[in-house]
Amino acid sequence: MRDNLQSLPDVPEVGDLAKLQAQMQRPAQNVNMDGSFELGWGTALLCFGSVSYLNAALSESVWASWWTAWIGYVPVICAGFAPYGIPKMVKRFITWPRTGYVANPNDMKLIQLVMLMVFGGALGFSLSLPFVLVTEVLEAISQAGAHSDLHSIILHGLELVVCATLAVYLGRKVIRKRQPLPAAYDAALIYQGLGQAATGKKHLRAVRFTLLVMFVGIPTLVCGAVFWLMYWSKSVMRHTEIYWPQLGVLSFLVATNAILYLMGNGVAIKRHRWKWLVLAIMLIGPIVVAPAIPYPVVKPELMPTLELFPPQVMLVMGLVWFLSGGATLILFIRHNPLPPVETP
Amino acid sequence: MNEQLRAIAGLDRVIHEPGRMMIVALLAAVEECDFLYLLRETELNKGNLSSHLAKLEEAGYVEIEKTYRGKVPQTLLRLTPPGHAAFDAYRQRLNAALLEHLQVLSGTSKATQTSQAQAEGTEAATRPSFPALNQGAHG
């Protein structure tokens, strides 16, 4: 049995399939070779983080009018478009002239992004408006004869109907099955084939265990470690009382962010060892640095949300992403000079 | 002729050549790309790449479109539907060959299990047989 398995790599088809697999994975692996994804995501986080600071900087008169209040939402719109627009720009003007143009099958189109954003907004309103409506209806019942509330209830009811319709309509278009990543191996057949042999079953068990560790074990461990670090430092909470939801959300946010960084740099991290240091900074940085950066509280009613998602944590994480992306881009430009222009 | 040799003999020769196999595998993984991208990824020289692309275009597997990006000429390349179908068939044939090898392994392990079961008097010998796999791939 063991002799048979050892002879498996000598089968020509196995070698051909391995070559095919390596070749087919290259386009997906090279998506972030120029740091464009990191730059886009970093900008998005920086924009989100800057909303509170911008709100504090803007005068009250800006918020008074519907015509000027949109200025306060510019960073949010920028944050929505940055992960799409910045990689596109970097690829168009820096990467493609050096490596050649390539379009991946799962690249998001602009119209899809706009639809996704509208869908997100509509879904958010559809979920929150029922609570507002119920509160208003209960208030109207308790204060019988107060006609001014009726107008607001009808308006919110109409808004709910429009948002829910939009969410259902766009949801059917936006939530679609993504094309699977191209692979040379026919996973279902290999799985079936391996499941029949005793040695194959051992391999399958090992694969299942590895997947479980990767997607459940490591995130839980990282989340736990960050939670413990925050509990230990306490200073991130800005007051001595331990606020458990804040600890939980922050540790989840920081850990998820670090895992996203690791996934986005899966191949690049082998080439650029310094990214491990960035990963460590990304995990510890928000806990250590964030308490040092003050943030303004313009609206006290938003305090619970700000405590859960402190803007300075977003700023620190965004800055680390952005600097890492910038360094990757500079290295990419240095190692990939423009090909010489051929004269006919 | 044994099964493996028969499988190799039935492979699409246009795709099976190593250079073209690299090109088709790359094109199958992307929507479209240009000549410079293929040149860089396959590490072939321009002459070789052009000649392979001409053969693939002749077979109807690759579509070549000459355009301009600004003032710079650009050669866009994409796999045609017959190209995708041919590559899928090629890939499935390789998978089928690999599975046949696994089947041999399974047969060996089953024979071992049967002898062990007979020796121990257990029910291990009545395991389900290996199903007929990927029959479409042999067509």
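The values are calculated or read from the model by the stated rules, or taken from the named source; none is laboratory data. Model, not experiment: these values are computed from the prediction. A quick note on method: Cβ atoms are made from the backbone with ideal geometry, for glycine too, and the neighbour counts reach across all protein chains shown.
Among the candidates A:LEU127, A:LEU54, which residue alone is among the aliphatic types (A, V, I, L, M) and either surrounded by 15 or more Cβ atoms within 10 Å (Cβ to Cβ) or in contact (Cβ under 8 Å) with a residue 12 or more places away in the chain (or both)?
On the way: A:LEU127 fails: either surrounded by 15 or more Cβ atoms within 10 Å (Cβ to Cβ) or in contact (Cβ under 8 Å) with a residue 12 or more places away in the chain (or both).
That would be A:LEU54, the only listed residue that is among the aliphatic types (A, V, I, L, M) and either surrounded by 15 or more Cβ atoms within 10 Å (Cβ to Cβ) or in contact (Cβ under 8 Å) with a residue 12 or more places away in the chain (or both).
Flag set for A:TYR261, criterion: surrounded by 12 or more Cβ atoms within 10 Å (Cβ to Cβ), within 30 Å of A:GLY72 (Cα to Cα) and modelled with pLDDT of 80 or more.
If we keep just the residues of the stretch B:59-74 that are more than 20 Å from the chain's Cα centre (by Cα) and modelled with pLDDT of 90 or more, which is nearest to A:ALA18 (Cα to Cα)?
First, pick out the residues of the stretch B:59-74 that are more than 20 Å from the chain's Cα centre (by Cα): B:64-74.
After this cut, where a residue has to be modelled with pLDDT of 90 or more as well, the list is B:64-66.
Working: B:ILE64: 27, B:GLU65: 30, B:LYS66: 32 Å.
So, considering only residues that are more than 20 Å from the chain's Cα centre (by Cα) and modelled with pLDDT of 90 or more, the one nearest to A:ALA18 (Cα to Cα) is B:ILE64.
Selection within the stretch B:22-36: residues that are facing chain A (nearest Cβ under 7 Å) and in contact with a helix residue (DSSP H, G or I) (Cβ under 6 Å, 6 or more places away or on another chain). The member of this set that is farthest from B:HIS84 (Cα to Cα) is B:MET22. Quick check: anything in the stretch A:193-206 modelled with pLDDT of 80 or more, of a type outside the set (Asp, Glu) and part of a helix (DSSP H, G or I)? Looking for residues that are modelled with pLDDT of 80 or more, of a type outside the set (Asp, Glu) and part of a helix (DSSP H, G or I), one finds at least one in the stretch A:193-206, hence yes. The residues listed here are A:VAL102, A:VAL118, A:VAL90; of these, the one that is touching a strand residue (DSSP E or B) at 6+ places or on another chain (Cβ under 8 Å), modelled with pLDDT of 85 or more, within 30 Å of B:VAL30 (Cβ to Cβ) and of a type outside the set (Ser, Thr, Tyr) is A:VAL102.
Which one is farthest from the other protein chains (Cβ to nearest Cβ), of the residues in the stretch B:54-98 that are among the basic types (Lys, Arg) and not in a strand (DSSP E or B)? Steps first, answer last, please.
Taking the stretch B:54-98 and keeping what is among the basic types (Lys, Arg), we get B:55, B:66, B:69, B:71, B:78, B:91, B:93.
Imposing the further condition that a residue be not in a strand (DSSP E or B) reduces the set to B:55, B:71, B:91, B:93.
Details: B:LYS55: 18, B:LYS71: 11, B:ARG91: 6, B:ARG93: 8 Å.
Ranking the candidates gives B:LYS55 first.
Of the numbered criteria (1) modelled with pLDDT of 90 or more; (2) assigned to a loop (DSSP other than H, G, I, E, B); (3) within 14 Å of chain A (Cβ to nearest Cβ), the one B:LEU11 fails is (1). When we screen A:VAL289, A:VAL278 for residues that are at pLDDT below 90 and part of a helix (DSSP H, G or I), the only hit is A:VAL289.
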